[in-house]
Amino acid sequence: MPIDLIKKILNRNKKQSTTVSSVIASLPEDFEVFKDMLYNQNSIDYVVFGRGHGIFMLNLLHGKGDVTCDGKNLLMKRKICSSIIRKSLQDLFWLKSTIRERIGVDAAITPFVVCENARVKLDSHFAGINVIESCSLRDALVNPLKEKLPQGMLVLLRELYVGQNLGSPSI
């Protein structure tokens, strides 16, 4: 086997072995992570608050294969998996409306569907949700924010998390 082909295979496997939990664990100290934030018998996989970086909502898409779009639906291995997009839109609406209701701010929240074991073959977001591979997640989270986050946002996220999960933030 040619050496270039072996390197390509090894690099592809290394790239795909990045897990969301390892990315979360590697974030700088100015990030706070809320795992499995519960609301109305639903759960957001991760809400991430980064001082100077922004607020992010992550839902995980499990499975292997290529993630594509047919124009109407998100597909994994040519099978419709748009339910993760509907769930993410519902989660985003709940989180934004709860923040608006509690502290009177229209929060800018960046939503992601993160594929740990799949290759994403989309040019951009799908239905307003960023669909990315887990190996791209860290770069997406650590970019500096242009505007300041609203006062009280972290306190509210902690309150929502502790109040509904009866625990403290964890990864």
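Below is a table of values for the structure above.
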quantity	calculated
Wholly enclosed strands (runs of 3 or more DSSP E) of the stretch 16-109 bearing at least 2 residues closer than 18 Å to Ile129 by Cα and at pLDDT 90 or above	42-50, 54-61
Residue check for Ile109: touching a residue at least 24 places away in the same chain (Cβ under 8 Å), over 16 Å from the mean Cα position of the chain (by Cα) and within 20 Å of Gly50 (Cα to Cα)	no
Residue in the stretch 121-128 that is more than 20 Å from Gly52 (Cα to Cα), at pLDDT below 80 and small (Gly, Ala, Ser) present	yes
Residues of the stretch 74-90 satisfying the condition of being in contact (Cβ under 8 Å) with a residue 40 or more places away in the chain and crowded, with 19+ Cβ neighbours inside 10 Å	Leu74, Met76, Ile85, Ser88
Every pair of residues 6+ apart whose Cβ atoms lie under 7 Å, when the first sits in the stretch 38-63 and is touching a residue at least 12 places away in the same chain (Cβ under 8 Å) while the second is exposed (fewer than 15 other Cβ atoms within 10 Å of the Cβ) and assigned to a strand (DSSP E or B)	Asp45/Asp36
Selected residue (criterion: modelled with the highest pLDDT) from residues of the stretch 134-171 that are part of a loop (DSSP other than H, G, I, E, B) and aliphatic (A, V, I, L, M)	Leu149
Filtered residues of the stretch 99-116 (kept if surrounded by fewer than 15 Cβ atoms within 10 Å (Cβ to Cβ) and either in contact with a Gly (Cβ under 8 Å, 6 or more places away or on another chain) or under 12 Å from Asn59 (Cβ atoms) (or both))	Ile103, Ala108
Residue under evaluation Leu122, criteria (1) of a type in the set (A, V, I, L, M, F, W, C); (2) over 21 Å from Val20 (Cβ atoms); (3) assigned to a loop (DSSP other than H, G, I, E, B), criterion not met	(2)
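The values are calculated or read from the model by the stated rules, or taken from the named source; none is laboratory data. Just so it is clear, the structure is predicted and the values come from calculations on it, not from any experiment. Positions of Cβ are generated from backbone atoms using ideal geometry, with glycine treated the same way; all protein chains shown enter the neighbour counts.
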